[in-house]
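The values are calculated or read from the model by the stated rules, or taken from the named source; none is laboratory data. Here the structure is a predicted model, which is why all the values come from computation and not from measurement. Every residue, glycine as well, gets a Cβ built from its backbone with ideal geometry; the counts of neighbours run over all protein chains shown.
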Amino acid sequence: MSDHPEYVQSILLRDLSVKRFFATFCVILVFTMLFSVFSPQHYSGPYQQVFENSLRQILENTTKSSYWDECELPFYDFYDDGILPYVNPNVNPISDCNADEKPLTFLIKGSWGLKNKKMKLECRTRCHRRESERRNKIGNWSYKPGKVDCEVLEAVCAKNKTDVYGYLHTQVIPTKPKKQKVHIEQLKQYDVTVILLDSLAYSQAIR
């Protein structure tokens, strides 16, 4: 069977196909290596963030358009040569502040006033009410002590037309429950009584 001409021809064709495939593979491999060697420099080297600048610009535009998303605080260099002459670590600006000082005004049972009437102070108050989640409604100043109908009261006292005292009083105003009235005079009265009997589990009945 090995002397058959068709069998010998098929073996020769198979060997030729293998050689052609191997030659094609070698050509592709050499072309790939040469392409990587002679390619431009910007295709290789260290990794560069392509979208860094554009992403930063988008974030800056977003934060500038919405001031509620972040809180930017100014940065001060306290060791700067222009600031050091004015810095004195031994100075305490609140050294004369009396932490045990009692409020000069009061808010008791919905009424406000000055505790010591002998003090020559001109006091005024105004109410702070909630208008929305981000806004408050501030009322007008009132110089007459007495009843108020708000839960947050701002008190300010002045001496010789200069404000020397300020305080925020708070109170809780109870809300009276409203009785719901059902007017049945205009409702149509029916003379049919419906009784429903529902099943109940033994454990639920014990409870």
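Quick look at the values:
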item: Test: residue in the range 154-170 that is hydroxyl-bearing (Ser, Thr, Tyr) and farther than 25 Å from Glu101 by Cβ; result: no
item: When residues of the range 136-181 are limited to those that are aromatic (Phe, Trp, Tyr) and surrounded by 10 or more Cβ atoms within 10 Å (Cβ to Cβ), the one nearest to Asn116 (Cα to Cα); result: Tyr165
item: Unique match (being modelled with pLDDT of 80 or more, in a loop (DSSP other than H, G, I, E, B) and loosely packed, with under 10 Cβ neighbours inside 10 Å) among Ile184, Ile195; result: Ile195
item: Matching residues, the range 136-181, being assigned to a strand (DSSP E or B) and hydroxyl-bearing (Ser, Thr, Tyr); result: Ser142, Thr162, Tyr165, Tyr167, Thr170
